[in-house]
1. What does the extension gain come out to for Ala16 and Arg35, with contour length at 0.36 nm per residue minus their alpha carbon separation?
2. What share of all Cα pairs of the chain, in percent, falls into each consecutive 10 Å distance bin?
3. Mind putting a number on the dipole of the range 42-90 about its Cα centre? Charges go on the C-beta only, +1 for Lys and Arg and -1 for Asp and Glu, and I need it in Debye to the nearest 20.
4. Along the range 32-45, what does the Karplus equation 6.51 cos²θ - 1.76 cosθ + 1.60 (θ = phi - 60°) give for ³J(HN,Hα), rounded to whole Hz, x for Gly and Pro?
5. On a C-alpha basis, how far is the centre of the range 73-90 from the centre of the range 48-71 in Å? Whole number, if you could?
6. Hey, what angle do you get for helix 8-19 against the long axis of the chain, alpha-carbon based, 0 to 90 degrees rounded to 10?
7. Is it possible to state the helix-based mean residue ellipticity at 222 nm for the chain, with each DSSP H run of 4+ residues giving -39500 (n - 2.57), the sum divided by total residues, to the nearest 500 deg cm²/dmol? What is it?
8. What angle do you read, to the nearest 10 degrees and between 0 and 90, between the alpha-carbon axis of helix 66-89 and the longest principal axis of the chain?
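Any read-out appearing in this document is the output of simple, stated calculations on the displayed coordinates, not a laboratory observation. Bear in mind that the values here come from a model prediction, so they are computed numbers and not experimental data. Glycine also receives a Cβ, built like all others from the backbone with ideal geometry; neighbour counts cover every protein chain displayed.
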Amino acid sequence: MPNVSLTPELEGFAEACVASGRYGNVSEVMRAALRLLQAQEEKRAAFVRMLEAAEREADETGWFEVEQVAEEMDAIIAEAEARRAREQAR
């Protein structure tokens, strides 16, 4: 089992977690912390994969200028507002 060195602040925090009764010992605190870190790293890796896929798609289909995106968003919003107005008029 690995031996871990903690700063005094982290050691105090871990001990406070145990003292609160939420954890049985510092090892449980460390396991919980590592599970959170693992989940965060998995989310980060998924985000990077999404960005890489978006970049590949952009390379294949082309990039959009900010103005193009803004115009398309304005059209989508205008269409939604018109649909809502028609529904409210009924």
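1. That works out to 4.9 nm of additional length.
2. 13, 20, 16, 15, 15, 18, 3, 0
3. Taking the Cα centre of the range 42-90 as origin, the dipole is about 500 debye.
4. In residue order, the calculated couplings are 4, 5, 5, 5, 5, 4, 4, 4, 5, 5, 5, 5, 4, 5 Hz.
5. One Cα centre to the other: 27 Å.
6. Taking the Cα atoms of the chain, the angle to 8-19 is about 90 degrees.
7. -28000 deg cm²/dmol
8. 80
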